[in-house]
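K.L.:
Pasting a structure here, questions to come.
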Amino acid sequence: MEHHQHQPAPLSPPEAAAVRRSMRDGRLALTRRSVLRAGALAASALGGSFALSACGIPPAGRTDPVRTPDHSATEKRLAFSNWTEYMDVSDDGKHRPTLEAFTRRTGVTVRYTEDINDNDEFFGKIQAQLAAGQDTGRDLVVLTDWLCARMISLGWVQRLDPAHLPHATKHLAAQFRRPAWDPDRAHSYPWQGIPALIAYNKKATGGRTVDSVSQLLDDPRLKGRVGFLSEMRDSVGLTLLDMGKRPEDVTAADYDAALARIRQGVDRGQIRRFTGNDYTNDLDKGDLAACIAWAGDIVQLQKDNPDIAYAVPKAGYMISSDNLMVPNGARHKRNAERLIDYYYEPKAAARLAAYINYTCPVDGVRDELAKIDKELAANPLILPDEGMAARSHAFRALSTEENKEYARKFSDLTGA
């Protein structure tokens, strides 16, 4: 495919604006239980995204996978880069229990760094090294599916050895097994799934259920009290589903039709605003009666407010994933595979799910999670049953040019 042959272009202004929004109040800001320092991160993100072109680094074509000697047998360590607050910690905040248990068992020490604040920013950190076939200093990274697709297409990710991943192969949930961008999970395994669906405040709706995008956009009783997300793939994806379209197969015409549908809600004053995670306060108070929301936020809000409810639309819901990958040049691929496989053991996966409250991509954890928290084990947002999992949809991977164009049009709609 043609877009596999070119270096990803620098961010367009709408894409850069999306980075700023995401760091200030997007999915990465709060659902990982962390309020990021927007000003400093915005500067570093935009600097990282644009510095490569400013410094004159030449564009790179697709890189063939690098055969790097593996030093795992003699160097019992690995470097793991993850998002902020995306790992279980002890109550006193001094320990990471699952990581420490892994080290006790294997003797492999983990240099764990929470240095991923935004996909584009992190890509800017490692892009030049990967393009040059150099070691990034990281053996394992966690990135969102659309960026994983981008890196795999560039040949910058190592293939995983199924023989080293017996638990992962056995326990990977069917919902996550065959993404179009990495068939059969040859290069990646999901860390957590991130559903987007509908949330509402029962007090604010007068006890009425809100369970479709059509209600959000057309019910006059909700006028001025509806929120849509500033994350394009979730808001447009759910709208496409409501229109009978598949986000997996979205065309330019489908996309424009979905934007026009949302535009009607804006023009009529039905939609109060487009939000990142800052919808949580308004939903909690009832200033927003209903909105598109992320499952991790709903789980957290319901702990303190019994009026918060959610609905999975009959048309389906959107899901994305953050994924474990071994970048080219990594010195400790075998150790990284051991850690991936460890987190697909039900006990470790349950401990992680209990802390993070996202959709767990590991089958067979219900009993282990129930030992920690019976309510969480029974929550379909964390452990969806087969029927719910079958209703999930993923936005298809976009080419660089499509991403720029779709981001521009969505930015025009939201006024960002």
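K.L.:
If you scan region 148-178, which residues turn out to be over 18 Å from residue 337 (Cα atoms), more than 17 Å from the chain's Cα centre (by Cα) and open to solvent by 50 Å² or more (accessible area, probe 1.4 Å)?
P.N.:
Once the filter is applied, which keeps residues that are over 18 Å from residue 337 (Cα atoms), more than 17 Å from the chain's Cα centre (by Cα) and open to solvent by 50 Å² or more (accessible area, probe 1.4 Å), region 148-178 yields only 174.
K.L.:
When you check residue 273 against the structure, is it surrounded by fewer than 18 Cβ atoms within 10 Å (Cβ to Cβ) and touching a strand residue (DSSP E or B) at 6+ places or on another chain (Cβ under 9 Å), yes or no? Break it down into steps so the answer makes sense when it comes.
P.N.:
Numbers: surrounded by fewer than 18 Cβ atoms within 10 Å (Cβ to Cβ): yes; touching a strand residue (DSSP E or B) at 6+ places or on another chain (Cβ under 9 Å): yes.
The answer is yes for residue 273.
K.L.:
Here is a further query. Which of the strands (runs of 3 or more DSSP E) contained wholly in region 287-383 include at least 3 residues that are at pLDDT 95 or above and closer than 30 Å to residue 111 by Cα?
P.N.:
Values: elements: 290-294, 308-311, 317-325.
In region 287-383, 317-325 are the strands (runs of 3 or more DSSP E) which contain 3 or more residues that are at pLDDT 95 or above and closer than 30 Å to residue 111 by Cα.
K.L.:
Looking at 150, 178, 159 in this structure, which one is at pLDDT 95 or above and not β-branched (Val, Ile, Thr)? Give the derivation first.
P.N.:
Numbers: 150 fails: at pLDDT 95 or above; 178 fails: at pLDDT 95 or above.
Result: 159 is the single residue among 150, 178, 159 that is at pLDDT 95 or above and not β-branched (Val, Ile, Thr).
K.L.:
Now for a different question. On the basis of being part of a helix (DSSP H, G or I), over 22 Å from residue 358 (Cβ atoms), open to solvent by less than 60 Å² (accessible area, probe 1.4 Å) and modelled with pLDDT under 95, does residue 133 make the cut?
P.N.:
Working: part of a helix (DSSP H, G or I): no; over 22 Å from residue 358 (Cβ atoms): yes; open to solvent by less than 60 Å² (accessible area, probe 1.4 Å): yes; modelled with pLDDT under 95: yes.
For residue 133, the condition - part of a helix (DSSP H, G or I), over 22 Å from residue 358 (Cβ atoms), open to solvent by less than 60 Å² (accessible area, probe 1.4 Å) and modelled with pLDDT under 95 - is not met.
K.L.:
If you scan region 97-110, which residues turn out to be of a type in the set (S, T, N, Q) and in a helix (DSSP H, G or I)? Can you show your working first?
P.N.:
The first filter runs over region 97-110 and keeps only residues of a type in the set (S, T, N, Q), leaving 98, 103, 106, 109.
Scanning region 97-110 gives 98, 103, 106.
K.L.:
Also: In region 216-253, which residues are closer than 25 Å to residue 406 by Cα, open to solvent by 40 Å² or more (accessible area, probe 1.4 Å) and either out of contact with any strand residue (DSSP E or B) (no Cβ under 7 Å at 6 or more places or on another chain) or in a helix (DSSP H, G or I) (or both)?
P.N.:
Let us first name the residues in region 216-253 that are closer than 25 Å to residue 406 by Cα, namely 216-218, 226-253.
Checking the rest, the ones that are also open to solvent by 40 Å² or more (accessible area, probe 1.4 Å) come to 218, 231, 233, 242-246, 248-249, 251-253.
Scanning region 216-253 gives 218, 231, 233, 242, 243, 244, 245, 248, 249, 251, 252, 253.
K.L.:
OK, next. Evaluate the following for residue 256: is it surrounded by fewer than 22 Cβ atoms within 10 Å (Cβ to Cβ) and either over 19 Å from residue 277 (Cβ atoms) or not hydrophobic (A, V, I, L, M, F, W, C) (or both)?
P.N.:
On the way: surrounded by fewer than 22 Cβ atoms within 10 Å (Cβ to Cβ): yes; either over 19 Å from residue 277 (Cβ atoms) or not hydrophobic (A, V, I, L, M, F, W, C) (or both): yes.
Against the criterion (surrounded by fewer than 22 Cβ atoms within 10 Å (Cβ to Cβ) and either over 19 Å from residue 277 (Cβ atoms) or not hydrophobic (A, V, I, L, M, F, W, C) (or both)), residue 256 qualifies.
Residues are listed down the side, and each one gets a yes or a no for (1) assigned to a loop (DSSP other than H, G, I, E, B); (2) surrounded by 17 or more Cβ atoms within 10 Å (Cβ to Cβ):
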| residue | (1), (2) |
| --- | --- |
| 81 | no, yes |
| 86 | yes, yes |
| 90 | yes, no |
| 94 | yes, no |
| 112 | no, no |
| 124 | no, yes |
| 143 | no, yes |
| 146 | no, yes |
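The values are calculated or read from the model by the stated rules, or taken from the named source; none is laboratory data. Since the model is a prediction, treat every value here as computed from it, not as a measurement. Here Cβ is always computed from backbone atoms with ideal geometry, including for glycine, and neighbour counts include all displayed protein chains. Ligands, DNA and RNA are excluded from the accessible area calculation, which covers all protein heavy atoms including side chains. Shrake-Rupley method; radii C 1.70, N 1.55, O 1.52, S 1.80 Å.
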